[in-house]
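Engineer: Next up is a structure, given as structure tokens.
A short reminder: the numbers here are calculations on the coordinates, not readings from a lab. Because the structure is predicted, anything quoted here is derived from the model rather than measured. Methodologically, a virtual Cβ is constructed for each residue, glycine included, from the backbone with ideal geometry; neighbour enumeration extends over all protein chains shown.
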Amino acid sequence: MTVISITLPDDLVKKFDAFVVERGYYSRSEAFRDAARSLMSQAEVGKLETQDEAAVILTAADIRRRDIDVRLVELRNEFEDVVVENLHRYIEKEYCVDVFLLQGAHTKILDFLGRVRGTRGVQQVETIFLPLKSRADRTAEGGGEEPTG
């Protein structure tokens, strides 16, 4: 196996070490390999999907990092063709939470997700993907027009 080196903030290392123990991994390396496999699997599924989908992306960051707010707004504007809605809230005096609702091409949503995950200071990112039938499939099934509102 190849050995790689990564740099992580101290607080993330402490949380990760606790996670390793809680989940029963034998080592940090085993947990990182599992996490890498999970991310790669998600990316592989994305290569197979060509249809539109909806997604919900939840982010959490330290409330003191105001630069993250600015960066997420910039990303939202850059991806306005797929970002349908964005909820931004502060939780107590600890977290800044954003919820993004997206709809569009799977590859475009994955691009947005990758950019959010790559934003320095974002502590957590959770995602739900919802496959959508094509407009032609909905019409063929008698679904007709999309609901409004």
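Engineer: So for Arg37, Arg71, fewest C-beta neighbours within 10 Å to most, what's the order? Don't skip to the answer; put the middle values down first.
Structural biologist: On the way: Arg37 10, Arg71 18.
Placing the least packed residue first, the sequence is Arg37, Arg71.
Engineer: Given Cβ point charges of +1 (Lys, Arg) and -1 (Asp, Glu) and nothing else, what value in debye, to the nearest 20, does the dipole of region 50-132 about its Cα centre take?
Structural biologist: 340
Engineer: Sticking with this structure for a sec: Quick one: what are the phi-derived ³J(HN,Hα) couplings along region 77-82, Karplus 6.51/-1.76/1.60 with θ = phi - 60°, whole Hz, x for glycine and proline?
Structural biologist: 5, 5, 10, 5, 6, 10
Engineer: Arranged from highest to lowest average of other beta-carbon atoms within 10 Å per residue, in what order do the peptides 113-119, 12-18 appear?
Structural biologist: Highest to lowest by the protection proxy: 113-119, 12-18.
Engineer: How would Ser29, Ser5, Ser38 line up from fewest to most surrounding beta-carbon atoms within 10 angstrom? Present the calculation step by step, with values, prior to reporting the outcome.
Structural biologist: On the way: Ser29 13, Ser5 4, Ser38 10.
Listing Ser29, Ser5, Ser38 from fewest to most nearby Cβ atoms yields Ser5, Ser38, Ser29.
Engineer: Lys and Arg at +1, Asp and Glu at -1: add these up for the other residues within a Cβ distance under 13 Å of Leu12 and post the number. Could you put the intermediate results ahead of the total?
Structural biologist: On the way: positive: Lys14, Lys15, Arg28, Arg120; negative: Asp10, Asp11, Asp17, Asp62.
Net charge around Leu12: 0.
Engineer: Report the one residue of Pro131, Ala60, Leu87 whose Cα lies farthest in the direction of the positive end of the charge dipole of region 54-138 (charges on C-beta: Lys and Arg +1, Asp and Glu -1; origin at the Cα centre).
Structural biologist: Of the listed residues, the answer is Pro131.
Engineer: Also: Of Met1, Met40, how do they rank once you tally other Cβ atoms within 10 Å and put the fewest first? Each step should come with its number before you reach the end.
Structural biologist: Numbers: Met1 5, Met40 10.
With the fewest neighbours first, Met1, Met40 line up as Met1, Met40.
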